[in-house]
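Readers should treat all values here as calculations from the given coordinates under stated rules, not as data from a laboratory. Not measured: the values here are computed from a predicted model. Heads up, the Cβs are rebuilt from the backbone with ideal geometry, glycines too, and the neighbour counts pull from every protein chain shown.
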Amino acid sequence: MGFGILLLGYPLILSVTLHSMGFCFELLGYLIMFRALTLLSEYGKYFRYAKYAVSALIPLGAFSLVLQCFSWFGADRLYETVSQVVSVPYSILLAVMLLVFHMLLLLAVKTIAREVDLPKLVTEASRNIIVTWLYVAAVIVSCFLNVPAVTDVLPYYKVLGYVSLFGVIWILLNAKMIFVCYMRICLPEDLDMPVGDRKMPRLFGRPKEEDVTEEELAAAEKAKKEKEKADYDAAMRQRQLERTRKNKRGRKK
């Protein structure tokens with residue numbers, strides 16, 4: 001399902017939290033997530049909107065990669081000049097676009113979690129929405145703190161360090177949430193697949209085997225025994241019928 005592909009792509013955008021323009025993994029992460037959200041878009045409008053949002057992030061990732069190429073191929077002066085000019089507006093634009101994307105993604109997860117009755121996942125998505133707002137606010141504020149009045153008290157690299165640490169925690173929280181989605185939610189056509197045949201015990205709107213209550217287990221065991229008894233009785237009746245037919249044939253001879 002799309003959640004598995006999303007889980008592969010999402011951690012690749014970790015570089016955006018490091019305040020460094022030019023990690024090629026960023027663009028790759030956007031492309032993989034676009035593919036994942038294309039698969040998920042039929043399961044809710046917010047997944048579709050999130051796909052549009054991540055498609056808008058792809059040009060930013062491409063710009064970051066092009067800028068990195070300047071450094072790779074020896075154009076360090078050009079890289080530094082462009083970085084100094086566009087660093088602040090790029091960071092603010094990226095933060096706003098990430099906010100839009102994550103709001104849509106988290107709303108999509110929250111909605112589908114409600115539909116399949118996963119209250120813990122709903123709570124996790126709600127928490128991550130708050131953390132996302134806090135992180136984006138921290139990024140935007142940090143863009144304006146590189147001034148002497150602030151740096152005399154707190155060096156700017158420390159400000160960026162704190163914000164980057166917050167960003168790493170934010171990415172990990174979202175990645176963990178996506179992993180839970182991957183583990184617990186699957187396509188509707190997979191519902192009839194036995195749990196033992198799954199590589200991961202993820203269900204759509206049903207609890208995992210270990211989460212089933214004792215009453216449900218007892219009812220399932222009772223139904224199993226009744227079915228076995230019915231099958232046994234049917235087999236015995238069939239055998240009795242065959243014996244009766246043989247006896248009748250013997251008498252006729």
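Observations on the model:
- 3J(HN,Hα) along region 163-176: 5, 5, 4, 4, x, 4, 4, 4, 4, 5, 4, 5, 5, 5 Hz, from the Karplus curve 6.51 cos²θ - 1.76 cosθ + 1.60 with θ = phi - 60°, whole Hz, x for Gly and Pro.
- Net lengthening on full extension, Leu173/Lys120 (0.36 nm per residue, minus Cα-Cα): 17.7 nm
- The order of the peptides 42-53, 217-228, 165-176 by mean Cβ neighbours within 10 Å, most packed first, is 42-53, 165-176, 217-228.
- Cα-Cα over 28 Å, subset of Lys51/Lys120; Lys110/Lys227; Lys51/Lys176; Lys120/Lys224; Lys176/Lys224: Lys110/Lys227; Lys120/Lys224; Lys176/Lys224
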